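Novice: Would you mind keeping the following structure in view while I ask a few things?
The values are calculated or read from the model by the stated rules, or taken from the named source; none is laboratory data. For clarity, every value in this text was computed on a predicted model and none was experimentally measured. In case anyone asks, the SASA skips ligands and DNA or RNA and just uses the protein heavy atoms, side chains included. Shrake-Rupley method; radii C 1.70, N 1.55, O 1.52, S 1.80 Å.
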Amino acid sequence: MLRTTALRAVQLEPANESSDRFIRRLSVLAVALLAAVATISPVHARGPVWGDNEAVVVVRQLPVHGQRTYALILRGGPFPYMKDGSVFGNRERLLPLKRRGYYREYTVATPGARDRGARRIVCGGFRPSVPDDCWYTGNHYASFKRIVQ
């Protein structure tokens with residue numbers, strides 16, 4: 001029933017419709033299509049363009065546990081969590097697009113959490129102890145801030 005109704009809603013020119021009414025319906029359909037296309041963000045389509053508008057955080061502004069994790073990354077470990085240093089897939093496409101294996105994730109301890117918590121540092125580069133860039137997320141990959149000195 002719903003499918004039939006949807007098909008009738010997009011039907012443009014029934015045999016008994018006047019051309020003025022047809023043009024109005026076509027205009028409404030065109031406006032609706034343009035509005036739908038305008039709501040598609042290029043960030044979700046191709047990944048964000050990093051540069052002047054990116055969010056950043058200075059190392060000393062990270063939570064204390066984040067500062068410790070960042071220092072461990074630069075020293076090459078040892079890391080307290082088994083998953084630290086594992087490949088981060090960037091499935092959310094919130095970081096610059098790179099080939100698989102470029103990003104690695106590290107846990108930022110959350111006091112009082114019974115598991116690894118939501119806080120992470122993700123670093124990009126092919127030498128883990130000399131990352132090209134690192135990002136902090138306090139909300140389990142929903143958003144990132146690039147870490148700067």
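Novice: Round to the nearest 10 and report in Å² the accessible area of Leu74, as given by a 1.4 Å probe over the protein chains' heavy atoms.
Specialist: For Leu74, the solvent-accessible surface is approximately 80 Å².
Novice: With every protein chain present, what accessible area does Lys98 have (1.4 Å probe, heavy atoms only), rounded to the nearest 10 Å²?
Specialist: Roughly 110 Å² of Lys98 is accessible to a 1.4 Å probe.
Novice: Please work out how much accessible surface Ser19 shows to a 1.4 Å probe, ignoring ligands, DNA and RNA, in Å² rounded to 10.
Specialist: 80 Å²
Novice: Let me ask another. Contour minus end-to-end for Val64 and Ser27, with contour as 0.36 nm per residue of separation and end-to-end as the Cα-Cα distance?
Specialist: Separation in residues times 0.36 nm, less the Cα-Cα distance, equals 7.6 nm.
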